[in-house]
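For reference, the structure is listed below as structure tokens.
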Amino acid sequence: MGIQGSGKKATNVTLDQALLKDAKALGVNVSQAAEKGLDEAVRQAKGEAWQRENAEAMEAWGKWVEENGLPLEKYRMF
């Protein structure tokens with residue numbers, strides 16, 4: 001199956017010429033490598049955004065635990 005119907009979209013990117021030459025010489029699938037790298041960058045950016053968006057709630061939870069201890073702590077086996 002080609003690009004149509006596969007959930008993928010053709011796009012243009014600008015890459016370092018030497019890096020692209022090395023990749024091709026080594027048989028690296030540039031599209032797959034770019035997609036994998038972009039996937040990782042998006043995951044990292046989403047994680048960082050989540051941390052920023054939830055920093056206040058996480059800080060409040062940390063303070064609550066400091067003041068009250070962990071919920072259900074009496075049932076911990078360690």
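Taking the three principal axes of the alpha carbon atoms in the chain, the coordinate ranges are 60, 32, 29 Å, sorted in descending order. Full extension of the segment from Glu53 to Tyr75, taken as 0.36 nm per residue of separation minus the current Cα-Cα distance, would add 4.7 nm. Using only side-chain charges placed at the Cβ, +1 for Lys and Arg and -1 for Asp and Glu, the dipole size of segment 17-67 relative to its Cα centre rounds to 480 debye. Across segment 31-37, rounded Karplus estimates of 3J(HN,Hα) from the backbone phi angles (6.51 cos²θ - 1.76 cosθ + 1.60, θ = phi - 60°) give 4, 5, 5, 5, 5, 5, x Hz, Gly and Pro being marked x. In the chain, excluding the sites themselves, the longest stretch lacking any of the trypsin sites (Lys or Arg not before Pro) that are in a DSSP loop with at most 13 other Cβ atoms within 10 Å is 10-75.
Read-outs throughout are calculated quantities, based only on the coordinates presented, and are distinct from any laboratory measurement. Here the structure is a predicted model, which means the values were calculated and not measured. Note that we place each Cβ from the backbone using ideal geometry, even for glycine, and neighbour counts take in every protein chain shown.
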